[in-house]
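Inspection log for the structure reproduced underneath, given as structure tokens.
The values are calculated or read from the model by the stated rules, or taken from the named source; none is laboratory data. Everything numeric in this text was worked out from a predicted model, so none of it was measured. Cβ atoms come from the backbone with ideal geometry, glycine included; neighbour counts cover every protein chain shown.
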Amino acid sequence: MSIPLKNIYGGIILSIFSERLKDTRLKNKISQKQIAQDIGISESLYQYYEYDKREPSIGNFAKLCEYFNISADYLLGFSNDPTRH
């Protein structure tokens, strides 16, 4: 019996993403509202990302990596190094 990919990526990876996104925001002392305004999304959509309720589009994911200057691999849990290379 195989596990559907949605359960793996929609569960474990999304959970890691949400946790690291929130941790990064708190370390940078930025409000959810400010980030949402800066990257051009609603505050509620940003909150869904942090609360593990929605996956960002590839465009919004890229904006978040750029905004915080962190690697995509870090946000997705494939690396523990947030440095962009």
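Structure summary
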{"item": "Qualifying helices (runs of 4 or more DSSP H) (wholly inside the stretch 12-62; at least 1 residues being under 10 Å from the mean Cα position of the chain (by Cα) and under 21 Å from ASP81 (Cα atoms))", "result": "14-27, 43-50"}
{"item": "Number of positions in the stretch 66-77 that are surrounded by fewer than 17 Cβ atoms within 10 Å (Cβ to Cβ), under 10 Å from the mean Cα position of the chain (by Cα) and not small (Gly, Ala, Ser)", "result": "1"}
{"item": "Which listed residue, of ILE35, ILE70, is of a type in the set (Val, Ile, Thr), in contact with a Lys or Arg (Cβ under 8 Å, 6 or more places away or on another chain) and under 12 Å from PHE17 (Cβ atoms)", "result": "ILE70"}
{"item": "Every pair of residues 6+ apart whose Cβ atoms lie under 8 Å, when the first sits in the stretch 45-74 and is farther than 21 Å from SER31 by Cβ while the second is of a type in the set (Lys, Arg) and surrounded by 16 or more Cβ atoms within 10 Å (Cβ to Cβ)", "result": "TYR74/ARG20"}
{"item": "Condition met for ARG20 (modelled with pLDDT of 95 or more, charged (D, E, K, R) and over 12 Å from LEU76 (Cβ atoms))", "result": "no"}
{"item": "Neighbours by Cβ (under 8 Å, 6+ apart or cross-chain): first from the stretch 26-42, without any contact (Cβ under 8 Å) to a residue 24 or more places away in the chain; second surrounded by fewer than 12 Cβ atoms within 10 Å (Cβ to Cβ)", "result": "ALA36/SER42"}
